[in-house]
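A short write-up of the structure that comes next.
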Amino acid sequence: MLPRLFAAALLSVAALPAFAESFSRISDRSAFMEAVQDKELRMGMFGIFLKVEEDGEIRGRALGWDVTGTWEWQDGYFCREMDWSGYPIPKNCQLVEAKGGEEIRFTVDKGAGDSASFKLR
């Protein structure tokens, strides 16, 4: 049950349409790293705290359990594969958008699927 809850949180937290205009697309790796470097991605409602590292690693916690993974920038998209305490989260390439230096939004399936927004701290 918990793995499905975590996966649903990462994949289905949709941004409100009214906020869509305030996000700007990040289309290259260097701009992405500038947005997330030395910051934690947080989704407090689900207890998700992630760090996306320059070396291609993802580390964090969700609902009290460890999250690990890898990522790469591919054709303008953030492509990641993760593991949530033994529960695999398959590779997916995602559209990335930022709202100032405060929030970042990932939309699965290269922008065609659900979105999840994280506060940057």
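Under the condition of being among the small types (Gly, Ala, Ser) and surrounded by fewer than 16 Cβ atoms within 10 Å (Cβ to Cβ), which residue from segment 89-110 is farthest from GLU53 (Cα to Cα)?
Per the stated criteria, the residue is GLY100.
Before we move on, is ALA116 part of a strand (DSSP E or B), touching a Leu at 6+ places or on another chain (Cβ under 7 Å) and crowded, with 17+ Cβ neighbours inside 10 Å?
So ALA116 fits the description; yes.
When you go through (1) at pLDDT 95 or above; (2) surrounded by fewer than 16 Cβ atoms within 10 Å (Cβ to Cβ) one by one for SER12, which number turns out not to apply?
With (1) at pLDDT 95 or above; (2) surrounded by fewer than 16 Cβ atoms within 10 Å (Cβ to Cβ) applied to SER12, the lone miss is (1).
Which residues, counting only those in segment 74-107, are assigned to a loop (DSSP other than H, G, I, E, B) and closer than 18 Å to GLY60 by Cβ?
Scanning segment 74-107 gives SER85, GLY86.
Here are the criteria: (1) under 14 Å from the mean Cα position of the chain (by Cα); (2) loosely packed, with under 14 Cβ neighbours inside 10 Å. Tell me which single one PHE32 does not satisfy.
(2)
Surrounded by 15 or more Cβ atoms within 10 Å (Cβ to Cβ), in contact with a strand residue (DSSP E or B) (Cβ under 8 Å, 6 or more places away or on another chain), touching a residue at least 60 places away in the same chain (Cβ under 8 Å) and at negative phi: does that describe ALA62?
Judged against the criteria, ALA62 is not a match.
Can you find, within segment 66-88, the residue that is farthest from ALA35 (Cα to Cα) among those that are out of contact with any Cys (no Cβ under 9 Å at 6 or more places or on another chain) and crowded, with 19+ Cβ neighbours inside 10 Å?
Only one residue fits best here, namely TRP84.
Of all residues in segment 29-72 being touching a Phe, Trp or Tyr at 6+ places or on another chain (Cβ under 7 Å) and in a loop (DSSP other than H, G, I, E, B), which is farthest from LYS119 (Cα to Cα)?
GLY56
The values are calculated or read from the model by the stated rules, or taken from the named source; none is laboratory data. Being a predicted model, the structure only gives us computed values, none of them experimental. Because the Cβ atoms are built from the backbone with ideal geometry, glycine has one as well, and the counts that use them run over all protein chains shown.
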